[in-house]
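> One structure coming up, written as structure tokens, with questions to follow.
Readers should treat all values here as calculations from the given coordinates under stated rules, not as data from a laboratory. Worth saying up front: this structure is predicted, and the values here are computed from it rather than measured. Cβ coordinates were reconstructed from backbone atoms using ideal geometry, including for glycine residues, and neighbour counts include every protein chain displayed.
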């Protein structure tokens, strides 16, 4: 699998993401500066990593969404390329119109850095095929603006078309208000594009890939991508 | 171009000197050095360079007593940060620094820029920051002002650290009314560099370009260092304009740009523009190299129009660095900084004149010989008055008013012992993907070094109530506790940074506290092979004549060869519990005495440094031998609080054995005797045998269970879940309860 991580000014979890991709694939991903106008040939996966692109000034992800490379990422997705956006990357994908909805301030109005549990809503996509159906896994979340919002029609469509990727749940797998720390609509932690090839999520599975650090709960996500995108 | 600065009229100069905080005799020295009255810019430069904050004029004579050397020390105090070798050709670069005064005036920006400043001190030496810690002291938690300051400080630390992408992995918080008007915000950064690629601040090479990089210069923070060198009064709110404004986004870009340039060999010297900004960075770099320096302020990137030379030299605008480059390397460096969308400007040259010459709009605004600016700087051996030694409190003379279970429930929920989760949950502790023990998981934070098996163990410690009662024992205890916390995860303690927070040094009793604390710290550093490699002094922490508790905060760094060797404090069920170290039931200055008996008195627990070292080395060896499942030191609250913290971390319970005869139970369970650890092991017998052989006091304390209750020797049972609920409820109720 040939993967590239897009680095904007203020991206700060690109190293974590690179470690996770390396662990799952045995290959180090490319690091691409946002001023590049094109993605490399033969790319299988473009990753928008976490951080504070442009300092989160204006709105989280709003300025990065207009970076030169985002045009190339949009075209890549339109051709059927796989794109993963985590945290600030998810915010950028929403701002760029590649995923529906928006990420609002956390309901508590505070930055939240803690573990959460997520339920895998379908395990038949390129991002989730290594998870058993209905799997619940633990991940770190670290964000001030992770409260997923969309209008009712959009939420109904996401649910109806199976485009909800992950929901915040208790360790036992129940989508309760207590498990939904940032106040996201319908406990939504992550969603897919209509073709299931673009995924955005707020928590950081890339921080749970190493048994020596904090367990390997997040590793199946990256192994799924490695399995799915074997072409290169 | 006029080539001499315009002196101020002499009466005006003398008046301004006093306003800028120069004492009359200090101003006389300025006149002697220059041979004339200073210009406004020159007076500004002298006043900040000779401020307490920049010159350490009251503290230097004492700080010299601290041990600073060891075979693993690469750079001790005197540079931007301390540097130690940690094996495999790697170095840890670290320092702790205060931002107390600004954090009172403007908590969010004060704390945020404190984090930004200490990060720059570390990455300016070529180290990528890998961890932030902090040591915070606040006033009476019942006061709305305390809550407002705590909220702002926590948001500020999080706002800056989270954005730059450096994990905040540890820290400590105390509350005491003595901090009502003077909260303490001490921030520590630890970075990793190659031991053979450390960058220093010593400027060399006549003609080499002086380069300004980072953010533009504005009018913020002018005379911040002077403000930080004075007591507060009722009108301190008016000092708000001296507080700097932080931009963590620019800092993140500055880190990446500096790291990229440091991959080349273009840099001769580099220093961040911290306190006293362009003044201290240019004066110190040129001074260290024995050079002269000429600056053309027209070239300085400016955020506001019409800034004067005085304003530019004194501005403390954030996220700026000054570098000396090798000749001809400007274009290469500029390309990197432009890529990161940062300002880059050649603003001067090194000379052989031994003077700093400042030009602006065709005029020479300052021309000062550098050697006397440093060598003639004031140095005071101020009068000291020893703190009277309080009498030792006899535990038998203090009755237990509430019983063991009630005392435990109250202690785990009191502000000094309650869970800090409400704070940690606002700090990103995981970014970087190397945090193996995050806040609350172990006595020290454990952060692996990327691409290595090796890990750092990091902690901050001080017990101000001990320091107030006996500054020498308190100083000793602060160092010993840092050493103990690093030991308790299995790591080898290597070195410390200190952040000395005290009141007005012109008062003999305050200077006496300082001198005694240094004496105690020095004894502990020497006995534990734990040298000081960097530090910071914050004096004048007083409001309307009332000083803070003496607070020599210690930041400790240790190393583990393999991250997998680290043990946490969460108690697994099915273990035997062993107490290592001697228990005499010391209640003087204990939290039990304060929270349960309502008394703040007595001598603090003494630290027997030989026993400390012997007990710690024994514990560390058992951990590294793989024989220990969990380990926690006994500190605030004593033994039963330590056991309760271990149980609350996992949800397991314990059945505890009877204390030795002759000791009142409350003194045994809540006394704060030093040098003790609680170990959870599969079998106590081999550990006890090894302890006997090593001459280490150790006793079986009980066993852990899956039942979720602490069962006392008399059969009474305390629910761990209810303890945890009380422990977790305090801070949220205080901060969110309205």
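> Shape of the stretch B:567-738 from its Cα gyration tensor (a ≥ b ≥ c, root eigenvalues): rounded if a/c is under 1.5, otherwise prolate when a/b > b/c, or oblate? The partial results should precede the final answer.
Working: a/c = 1.66, a/b = 1.21, b/c = 1.37.
In terms of gyration-tensor shape, oblate.
> Compute the distance from the alpha-carbon center of the stretch B:21-48 to that of the stretch B:646-700, in whole Å.
Computed from Cα coordinates, the inter-centre distance equals 61 Å.
> Something else now. Specify whether the C-alpha gyration tensor of the protein assembly as shown places it in the rounded, prolate or oblate class, a ≥ b ≥ c being the square roots of the eigenvalues: rounded for a/c under 1.5, otherwise prolate if a/b is larger than b/c and oblate if not. Present the calculation step by step, with values, prior to reporting the outcome.
Values: a/c = 1.81, a/b = 1.06, b/c = 1.71.
Because a/c hits 1.5 or more and a/b fails to exceed b/c, the protein assembly as shown counts as oblate.
> Which of A:219, B:150 comes first, and how do the rest follow, when ranked by fewest Cβ neighbours within 10 Å? Could the numbers behind the result be given before it?
Numbers: A:219 20, B:150 23.
Ordered by Cβ neighbours within 10 Å, fewest first: A:219, B:150.
> Based on DSSP, what percent of beta bridges with both residues in the stretch B:1-134 are antiparallel, to the nearest 5? Write out the running numbers ahead of the final one.
On the way: 7 of 8 bridges.
Taking every DSSP beta bridge with both residues in the stretch B:1-134, the antiparallel ones total about 90 percent.
> While we're here: What ranking do B:635, B:10 get, fewest neighbouring Cβ atoms within 10 angstrom at the top? Walk me through the intermediate numbers first.
On the way: B:635 22, B:10 12.
Least to most surrounded, the residues fall as B:10, B:635.
> What is the distance in Å between the Cα centres of the stretch A:127-197 and the stretch B:174-207?
Between the Cα centre of the stretch A:127-197 and that of the stretch B:174-207, the gap is 41 Å.
> Note the angle between two axes, namely the Cα long axis of helix B:10-19 and the longest principal axis of the Cα atoms of chain B, as a number of degrees from 0 to 90, rounded to the nearest 10.
20 degrees
> Measure nothing fancy, just the Cα-based angle from helix B:404-413's long axis to the longest principal axis of chain B, in degrees from 0 to 90, nearest 10.
For helix B:404-413, the angle is close to 20 degrees.
> Over chain A, calculate the relative contact order: mean separation of alpha carbon pairs under 8 Å at least 6 apart, over the residue count, as a percent. Please report the intermediate quantities before stating the final value.
Working: 544 pairs, mean separation 49.9, N = 232.
Contact order relative to length: 22 percent.
> Mind jotting down a quarter of the surface of the convex hull over the alpha carbons of chain B, in square nanometres, one decimal?
Details: hull surface 119.3 nm².
Mean projected area of the Cα convex hull: 29.8 nm².
> Right, here's the next one. Peptide A:42-52: average number of partner chain Cβ atoms within 10 Å per residue?
Neighbouring Cβ atoms belonging to other protein chains average 2 per residue here.
> Another question, then. Rounded to the nearest 5, what % of DSSP beta bridges with both residues in the protein assembly as shown are antiparallel? Spell out each step's value before the answer.
Values: 120 of 159 bridges.
Here the antiparallel bridges make up roughly 75 percent for the protein assembly as shown.
> Can you give the average number of partner chain beta-carbon atoms within 10 Å of each beta-carbon in peptide B:418-431, as a whole number? It would help to have the intermediate numbers written out before the result.
Details: counts 0, 0, 0, 1, 1, 0, 2, 8, 8, 3, 12, 5, 15, 11.
Whole-number average of other-chain Cβ neighbours for B:418-431 is 5.
> Now for a different question. Could you tell me which of rounded, prolate or oblate describes the stretch B:65-176, using a ≥ b ≥ c as the square roots of the eigenvalues of the alpha-carbon gyration tensor, with rounded for a/c under 1.5 and, failing that, prolate when a/b is larger than b/c and oblate otherwise? Could the numbers behind the result be given before it?
Values: a/c = 2.54, a/b = 1.89, b/c = 1.34.
Here the stretch B:65-176 falls in the prolate category.
> Mind pulling the angle between the C-alpha long axis of helix B:471-488 and the longest principal axis of chain B? Nearest 10 degrees, somewhere in 0 to 90.
Here the helix axis deviates by roughly 70 degrees.
> Which residue, A:202, A:118, A:31, has the most motion in a Gaussian network model of chain A that connects Cα atoms within less than 10 Å?
A:31
> Before rounding to the nearest 500, sum -39500 (n - 2.57) across all DSSP H runs of length at least 4 in the protein assembly as shown and divide by the residue total; then give [θ] at 222 nm in deg cm²/dmol.
Numbers: 30 runs with 313 residues, N = 970.
Here the helix-only value at 222 nm equals -9500 deg cm²/dmol.
> Right, another one. Could you list B:73, B:641, B:533, A:83 in order of exposure, starting from the residue whose Cβ has the fewest other Cβ atoms within 10 Å? It would help to have the intermediate numbers written out before the result.
Numbers: B:73 18, B:641 25, B:533 30, A:83 22.
Ranking B:73, B:641, B:533, A:83 by Cβ neighbours within 10 Å, fewest first, gives B:73, A:83, B:641, B:533.
> Expressed as a rounded percentage, what relative contact order does chain B have, with Cα pairs under 8 Å and six or more residues apart?
This gives 15 percent for chain B.
> OK, next. Counting only other chains, and only Cβ atoms inside 10 Å, what mean value do you get across the residues of A:8-16? Don't skip to the answer; put the middle values down first.
Details: counts 0, 9, 9, 3, 12, 6, 1, 7, 7.
Mean shielding count: 6.
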